[in-house]
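The values are calculated or read from the model by the stated rules, or taken from the named source; none is laboratory data. Remember, predicted model here, so these are calculated numbers, not experimental data. Positions of Cβ are generated from backbone atoms using ideal geometry, with glycine treated the same way; all protein chains shown enter the neighbour counts. To get the accessible areas, we keep the full protein, side chains included, count just its heavy atoms, and leave off ligands, DNA and RNA. Shrake-Rupley method; radii C 1.70, N 1.55, O 1.52, S 1.80 Å.
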There are 2 protein chains.
Amino acid sequence: MSSFETKATIRSFGGKLFKLTHPSPTTTTPMALNLYLPPAALTTPPSRVPVLIYLSGLTCTPDNCTEKGFFQSPASRLGLAVLYPDTSPRGLDIPGSKDAYDFGEAASFYLDATVPPYSAAYKMETYLTSELPSLLFSDAEFGPYLDGDRVSITGHSMGGHGALTLYLRHPGMYQSCSAFAPIVNPTECAWGVKAFRGYLGKEREAWKEHDAAELVRRLERGKELRVLVDQGKGDQFYKEGQLRTEELEFAVAVAGVKGVEVRYQEGYDHSYFFMATFSEEHVEFAAKALGLL
Amino acid sequence: MSSFETKATIRSFGGKLFKLTHPSPTTTTPMALNLYLPPAALTTPPSRVPVLIYLSGLTCTPDNCTEKGFFQSPASRLGLAVLYPDTSPRGLDIPGSKDAYDFGEAASFYLDATVPPYSAAYKMETYLTSELPSLLFSDAEFGPYLDGDRVSITGHSMGGHGALTLYLRHPGMYQSCSAFAPIVNPTECAWGVKAFRGYLGKEREAWKEHDAAELVRRLERGKELRVLVDQGKGDQFYKEGQLRTEELEFAVAVAGVKGVEVRYQEGYDHSYFFMATFSEEHVEFAAKALGLL
């Protein structure tokens with residue numbers, strides 16, 4: 001008996017895409033997710049394939065990247081599963097949680113909120129690093145296709161922040177991390193300050209625990225990471241100072257950390273057109289870390 | 001001075017995607033379109049590249065396939081431009097034209113309507129085969145990148161019907177035609193009967209001029225076409241009898257026509273997930289006909 005209800009099964013690039021939902025004790029809500037299984041997994045008996053988790057940006061559901069990010073093509077070719085979780089709990093009656101695109105629903109920032117009323121349900125870090133993998137990798141229906149010991153993480157914008165901070169906060173959990181136009185220094189940008197104040201309270205020291213640039217600064221000199229970041233140079237949010245990509249590079253240099261590549265892509269914006277252009281390279285980056293290449 | 005107003009310029013797969021609009025005397029409305037120019041065109045001075053026209057299905061704008069169809073990746077690699085026109089005129093005050101997903105706005109069936117009130121503006125065949133190519137291929141801004149003598153056409157569902165019928169009705173205009181889940185025999189399906197009655201009147205003989213299976217039947221024996229069709233076997237509209245794919249195969253066999261390949265894809269539905277899976281092969285098919293491969 002699966003813990004997940006299958007809302008749709010869709011053939012894609014020779015594999016199968018599942019639209020799933022499950023009740024989450026962590027978030028107290030139903031949680032939606034999409035799961036892509038490549039042909040390499042769909043053998044008889046099933047084969048366990050490595051998993052790439054993709055965290056979406058502000059306003060998104062699991063569907064946006066599934067439709068527009070174009071991860072399925074390289075994942076099919078290389079033999080990775082792709083897991084697309086949602087961006088927050090949904091359907092809670094928290095006043096104000098649906099009023100803004102950058103706070104509340106679809107804007108969890110992938111942390112465990114500590115301030116009421118969000119602290120009761122906005123526990124996305126626990127959900128993503130504990131509940132969901134436990135449930136999925138041991139699931140009667142989907143578990144046999146997935147290798148829970150070989151997992152990488154990636155994400156876009158707020159999801160890039162999520163990928164980087166979960167990777168840095170949970171050493172050993174993910175074999176690699178990549179990000180498209182991530183918010184790398186949220187303690188110093190408008191989006192991050194608003195979110196952190198609402199989810200974590202006024203104490204700025206607590207915010208730093210969820211700031212990729214701050215977390216990199218604390219690493220021991222010579223530490224080997226496995227991180228790839230792409231940033232479009234035509235990205236309006238980059239230009240507005242929401243992403244602060246250089247702060248990640250600066251932190252890497254100051255801390256003397258290795259294995260972080262930051263690439264600036266001339267003319268690219270913040271959209272899925274940017275992501276789709278480079279998603280194949282990010283899947284290949286994960287595939288290398290996961291022993292597939 | 002360009003005839004087109006550029007609403008957005010977006011970097012994609014090393015090339016540029018333009019969201020354009022222009023006033024159309026043929027449809028009496030502004031018409032939206034997207035144009036993708038591959039890196040091979042964006043040289044100094046500009047290089048003329050062949051063009052693949054993509055016609056969308058019911059309910060779509062030029063944006064849906066641009067975001068989800070994934071033509072830009074192979075078009076970039078192979079050096080084709082991709083032109084995404086709209087599915088009908090928009091913004092007209094025709095009573096009932098916005099009430100149904102399968103008739104009126106976004107459901108033109110790519111023909112010239114002969115029945116009032118649609119006959120005044122729903123002239124998509126003239127727009128697509130005459131006005132738009134004349135305007136675009138000689139345009140001061142975009143013309144220098146496009147080779148109007150090397151054009152192929154493709155489409156999805158209603159757009160597959162459009163691609164097939166325009167290809168068959170205008171010999172020599174397109175070097176090849178391909179289609180994803182096309183409506184091949186609209187005179188005999190609910191969608192087609194509704195549309196043809198509304199746009200062409202009650203006379204069924206007039207409908208046959210816009211029915212791919214009927215048009216194939218009239219071809220001379222041994223005629224060489226260049227057509228590729230993919231049809232998902234899990235497609236709900238195929239199962240409901242809206243697409244009638246076998247009628248195209250039957251017409252090809254009866255007429256003794258060559259060069260038409262119809263492929264049935266196990267388990268695939270009617271969605272962009274199906275299209276994206278096979279779009280690279282369709283772009284390669286066009287590229288061969290256009291002399292690029």
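For the range A:49-79 and the range A:31-46, what is the centre-to-centre distance using only Cα atoms, to the nearest Å?
The range A:49-79 and the range A:31-46 have Cα centres separated by 13 Å.
Calculate the dipole size of the protein assembly as shown relative to its Cα centre from +1 charges on Lys and Arg beta carbons and -1 charges on Asp and Glu beta carbons; express the result in debye to the nearest 20.
So the magnitude is around 500 debye.
For the range A:67-74, just list the computed ³J(HN,Hα) in residue order, Karplus coefficients 6.51, -1.76 and 1.60, θ = phi - 60°, integers in Hz, with x standing in for Gly and Pro.
Listing the rounded values in order: 8, 10, x, 6, 7, 4, 4, x Hz.
Scan the range A:80-174 for chymotrypsin sites (Phe, Trp or Tyr not before Pro) in coil per DSSP, keeping those whose Cβ has at most 12 other Cβ atoms within 10 Å, and list them by number.
A:Y101
Using protein chains only and a probe of 1.4 angstrom, how many square angstrom of A:S108 are accessible, to the nearest 10?
0 Å²
Amide H of B:F13: which non-local residues (sequence gap of 5 or more, or other chain) have their own amide H closer than 5 Å, using H built in the peptide plane?
A:T277
Give me a single rounded figure for A:267-277: the average over its residues of other chain Cβ atoms within 10 Å of their Cβ.
5
So, with +1 on the Cβ of K and R and -1 on the Cβ of D and E, and no other charges, what is the size of the charge dipole of the range B:120-198 about its Cα centre, to the nearest 20 debye?
About 400 debye.
Would you kindly derive the ³J(HN,Hα) couplings of the range B:170-185 from the backbone phi angles with the Karplus curve 6.51 cos²θ - 1.76 cosθ + 1.60 (θ = phi - 60°), listing them in order in whole Hz, with x for Gly and Pro?
Listing the rounded values in order: 10, x, x, 6, 10, 6, 7, 9, 9, 8, 9, 6, x, 7, 8, 9 Hz.
Looking only at other chains, what is the average number of their beta-carbon atoms within 10 angstrom of each beta-carbon in A:68-75?
Per-residue shielding by partner chains comes out at 3.
Size of the dipole of chain B about the Cα centre, Lys and Arg at +1 and Asp and Glu at -1 on the beta carbon, nothing else charged, in debye to 20?
Dipole magnitude for chain B comes out near 320 debye.
Counting protein heavy atoms only and a 1.4 angstrom probe, how many square angstrom of accessible surface do chains B and A bury in total, to the nearest 100?
1700 Å²
Cα convex hull of the range B:153-293: how many Å³ per residue?
Taking the convex hull of the Cα positions in the range B:153-293, it is 99 Å³ per residue.
What is the sum of charges, Lys and Arg at +1 and Asp and Glu at -1, for the other residues whose Cβ falls under 12 Å from the Cβ of B:G232?
Net charge around B:G232: 0.
Which of A:I94, A:I153, A:I183 moves the most in a Gaussian network model of chain A with Cα springs under 10 Å?
Answer for the Gaussian network model of chain A: A:I94.
Give the lysines reachable from A:K258 as a straight Cα distance under 18 Å; neighbours fewer than 8 places away on the same chain don't count.
Reachable lysines: A:K223, A:K288.
With every protein chain kept in place and ligands, DNA and RNA left out, what is the accessible area per residue of the range A:1-122? Probe 1.4 Å, answer in Å².
35 Å²
Rounded to a whole number, what % of the accessible area of the range B:1-42 do carbon and sulfur atoms account for, probe 1.4 Å?
Whole-percent figure for carbon plus sulfur exposure: 59.
Name the trypsin sites (Lys or Arg not before Pro) in the range A:210-269 that are in a loop by DSSP and that have at most 10 other C-beta atoms within 10 Å, would you?
A:R221
Calculate the mean, over all residues of peptide A:10-19, of how many other protein chain Cβ atoms lie within 10 angstrom of the residue's Cβ.
Average per residue, whole number: 4.
I'd like the distance between the alpha-carbon centres of the range A:168-246 and the range B:103-174, rounded to an integer number of Å.
48 Å
Just name one of A:S134, B:S47, A:H210: the one whose Cα is farthest towards the positive end of the charge dipole of the protein assembly as shown (beta-carbon charges, Lys/Arg +1, Asp/Glu -1).
Sorting the options by dipole projection puts first B:S47.
Taking GluC sites (Glu not before Pro) that fall in a DSSP loop and have at most 12 other Cβ atoms within 10 Å as cut points, what is the longest piece of chain A between them?
Longest gap between qualifying sites, sites excluded: A:1-202.
For the range A:140-203, with the dipole built from +1 on Lys and Arg beta-carbon atoms and -1 on Asp and Glu ones, taken about the Cα centre, which of A:G155, A:G192, A:M173 lies farthest toward the positive end?
A:G192
With θ set to phi - 60°, apply the Karplus curve 6.51 cos²θ - 1.76 cosθ + 1.60 along the range A:121-129 and write out the HN-Hα couplings as whole Hz, x wherever there is a Gly or Pro.
These are the phi-based 3J(HN,Hα) values: 9, 7, 10, 5, 5, 5, 4, 7, 9 Hz.
Taking springs between alpha-carbon atoms closer than 10 angstrom, which of A:P39, A:P25, A:P89 fluctuates most in the Gaussian network model of chain A?
Among A:P39, A:P25, A:P89, the largest GNM mean-square fluctuation belongs to A:P25.
For the range B:103-260, give the percent of accessible area contributed by carbon and sulfur heavy atoms, probe 1.4 Å, rounded to a whole number.
49 percent
What aspartates and glutamates does B:K98 reach when the alpha-carbon gap must be under 17 Å and sequence neighbours fewer than 8 apart in one chain are set aside?
Candidates past the 8-residue exclusion: B:D86.
Give the separation of the Cα centroids, the range A:1-21 to the range A:267-283, in Å.
Each part's Cα centre sits 25 Å from the other's.
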